[in-house]
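Enquirer: The structure is given below, and queries will be raised subsequently.
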């Protein structure tokens, strides 16, 4: 009986110990539950620090690129700004002369000679002739009366420069001037007035010299203008 009693007492002791252990576990669980609820209601801990966060997922950290906007239209430069005392009509005619020379692949010196020549012959205006009524039909910007001379360079149809309608076209007349200039041996190294005179065969061979400085100023401005237009067209 004593053996049975001892076994019973031992069993009772183990049961009591397990009960105490279960009580401790329940207390721990209750404390953890309370702490979790407190954290959800107050995102700061007792130490004043925020709750520990999980690291961001790489899949969520996707950089969103903004869609490119519509291309901005760049307005092309307007007509060239007049320089050297010219008005807009004169500057536009000088632009035609310079652009024609560039299209022909000629050096800048040729542009200066041509502009200076047109300054002397027509004041850079597309002149009709009082002796050729037909010439008034072709965009005349004034008139002259020196024989049958017409246009920017006062070229004469009777001398074989071309038809009246051709010589009243600034591009044609400039081209005709340049072609004649190219046939003058050594024109690049000549004084401007002599190079112009070899083409024009004027009664006043020294008259072109006084226009050289202004012609150079005009050509410099127009070359810069043409380059600006080309750049604007390339980027548009």
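Every number in this text was worked out from the coordinates using simple rules, so none of it is lab data. Here the structure is a predicted model, which means the values were calculated and not measured. Here the Cβ is made from the backbone with ideal geometry for all residues, glycine too, and neighbour counts use every protein chain on show.
Enquirer: Sorted from fewest to most neighbouring beta carbons within 10 Å, what does the list 147, 225 look like?
Expert: Least to most surrounded, the residues fall as 147, 225.
Enquirer: Within a 10 angstrom radius of the beta carbon, how do 138, 172, 206, 111 rank from fewest other beta carbons to most?
Expert: 206, 138, 172, 111
Enquirer: Could you list 106, 95, 167 in order of exposure, starting from the residue whose Cβ has the fewest other Cβ atoms within 10 Å?
Expert: 106, 95, 167
Enquirer: Just to be sure I understand the model, the point goes 7 Å from the Cα along the line to the Cβ. What's the resulting residue 103 to residue 123 distance in nm?
Expert: 2.7 nm
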